[in-house]
1. Rounded, prolate or oblate: which fits segment 192-302, taking a ≥ b ≥ c as square roots of the Cα gyration tensor eigenvalues, rounded meaning a/c under 1.5, else prolate when a/b beats b/c?
2. Kirkwood hydrodynamic radius, the chain, all distinct C-alpha pairs: what's the number in Å?
3. I need the shape label for segment 102-148. Rule: rounded when a/c is under 1.5, else prolate if a/b > b/c, else oblate, with a, b, c from the alpha carbon gyration tensor.
4. In whole Hz and in residue order, list the ³J(HN,Hα) couplings for segment 35-52 that follow from phi through the Karplus curve 6.51 cos²θ - 1.76 cosθ + 1.60, θ = phi - 60°; x for Gly and Pro.
5. Can you tell which of Ile204, Gly158, Ala180 lies farthest toward the positive end of the dipole of the chain, using +1 and -1 charges on the Cβ of basic and acidic side chains (Lys, Arg; Asp, Glu)?
6. Report, in debye and to the nearest 20, how large the dipole of segment 150-300 comes out about its Cα centre when Lys and Arg carry +1 and Asp and Glu carry -1 on their Cβ.
7. Just from its helices, what would the mean residue ellipticity at 222 nm be for the chain, if runs of 4 or more DSSP H residues each count -39500 (n - 2.57) and the sum is divided by every residue, rounded to the nearest 500 deg cm²/dmol?
8. Of the options Asn297, Ile103, Ala31, report the single residue whose Cα projects farthest towards the positive end of the charge dipole of the chain (beta-carbon charges: Lys, Arg +1; Asp, Glu -1).
Amino acid sequence: MKVQFKNLAYFFIAGMIGFTSCSKDDENVPAPTLTFTSGGASSASFNSNETVSFSMDLASDDDYTSLKATLSYTDNSSAVKSLTVKDANNSNKEINYTKNSDIETAYDGSNIVKVALPSDAKRGTAWTITVVAATSGGSTTATFTGKVVNSWSAKLLGAQLNSAGSYFNSLSGEVLSGTAASATPANVDITYAALGSPVALPTILSYKQRGTEGLSGVPAGAEESYFVKTTLTPSEFTSETGSWAGNFTGVALSTTSPQKVALEADGVYAFKNKSGKMGLIHVATIVDGTSGSVTINVKSEN
């Protein structure tokens, strides 16, 4: 009997050692590695209804226990909403998995995730995609922050002898008079004048460029903006589903670009200010001359 008891004690001790070893191994399981980016960046600007392609890199040395992606945004009524991300590149399935086999099949490694941004996302606001991947050893979170571009319609700017304001604030959408603009020059990225002789051409120009053109009332803090005509059509300008970044493909804008551009009706022009904010201008109508005006539609990053 003593021998049997001794053998049982050996088995018990060996089992305890094995149990302790397994627990230690479980504790050393690493959390997965995870990145979620667009164009190599973790933030960017987009149209409200745009379908965006993200690069997701996911890897783990152990079985996955979960993977979930959530999109939080502000809607047009200013309510904050949250929804599970659907991947248009994977039969529009929700990214909300708890089985290792499902996660490995769909997302282990490097993959493209396509997300249709909400059509009711409020312009000028930020939205966030949060992706969380987990193993028994812990979880890893990747976050992408986007901004919905501002959109301003039918803004009338007057030329030098027109009573309408000649200055446009692309952040607030306000048209300003010379006095108001000079008092608050920040974000006045677009101004209007009729320039040249004997024909005064309708021209959009930076606030700072007005001084070079001999126009008065230019403050010391006047903004530098750079302009170029694009090949976009008016319908491409108004599109909410097209790529915002794609609108600027092939458009060369830098601090060496012109700070003024002559306008054509129905033309679409790109602008960039000195801090790097990008925008688009659609010229709806033009009334020629120094007493004339221009009606513009504007989309811009915040």
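No lab work stands behind these numbers, since they all come straight from the coordinates. Just so it is clear, the structure is predicted and the values come from calculations on it, not from any experiment. All Cβ positions, glycine included, derive from the backbone under ideal geometry; neighbour counts span all protein chains shown.
1. Details: a/c = 2.15, a/b = 1.31, b/c = 1.63.
Oblate shape, in that a/c is at least 1.5 and b/c is the bigger or equal ratio.
2. When all Cα pairs of the chain are included, the Kirkwood radius is 22.8 Å.
3. Judged from the Cα gyration tensor, segment 102-148 comes out prolate (a/c at least 1.5, a/b above b/c).
4. 10, 9, 9, 10, x, x, 10, 9, 7, 5, 10, 8, 6, 5, 10, 6, 9, 10
5. Ala180
6. Working: 9 positive and 10 negative charges, 58 e Å.
About 280 debye.
7. Numbers: 5 runs with 49 residues, N = 302.
Theoretical 222 nm ellipticity from helices: -4500 deg cm²/dmol.
8. Asn297
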